[in-house]
Amino acid sequence: MKSIKYKELGLLKDLKEYRSWIAMKSRCYAKSLKDDGNYRKNNIQVCDDWIDNFYKFYLDMGKAPSIKYTIDRIDNNKNYCKSNCRWATMSEQSKNRGDFNILIKYNNEEMVLKDWARKLDIKYATLYNRVITRKIPFNEAIKLPLRTKRFFYDDKYWSLKELSSKFNVKYSLLNDRISSLGWSIEKALFTK
């Protein structure tokens, strides 16, 4: 990267990269933060090249790809420095928290549990409960039938999907009427 002149950077406070640099230092050193925070507890520091030199930080990291990116440590147990930092989205960063995310390998693919839930169209809370709380192996947990709420109408229990099909009422409308508005089955089915 060519040398950067102050006038090329404009007003520092307006730069996304400058705000990220300030926030990074604040996480490590601000006295106002609780002493039991993870940064202090793990003694996370900003490297000597960056601590007092925004320009060096900017030269090393470059411009953030967009406003959606912030500075991220690749290894959360190591300090902020050129070899351990990258620009990342919040989604990428959340997946980089080993104590928070549960990595699951299945069919030669590895993803965090939340992404598996999205991919398999299973509620995250359901999958978490099965795999983490109840300790059901992942390959079995994803095959268990999903519970479907049943509604009693005309001396029989029905799923919303069955009611929607039987009475030709749009599923989303029926669901909104019953779940959000609290309507009775009869009112939800027969109100025009």
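Each reported figure results from applying straightforward, stated rules to the coordinates on display, with no laboratory input. Quick caveat, the model's predicted, so the values are computed rather than measured. Backbone-built Cβ (ideal geometry, glycine too); neighbour counts: all protein chains shown.
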Of the residues that make up segment 152-161, is at least one among the aromatic types (Phe, Trp, Tyr), part of a helix (DSSP H, G or I) and touching a Phe, Trp or Tyr at 6+ places or on another chain (Cβ under 8 Å)? no
Of the residues in segment 125-173, how many are under 22 Å from residue 104 (Cβ atoms) and surrounded by fewer than 16 Cβ atoms within 10 Å (Cβ to Cβ)? 15
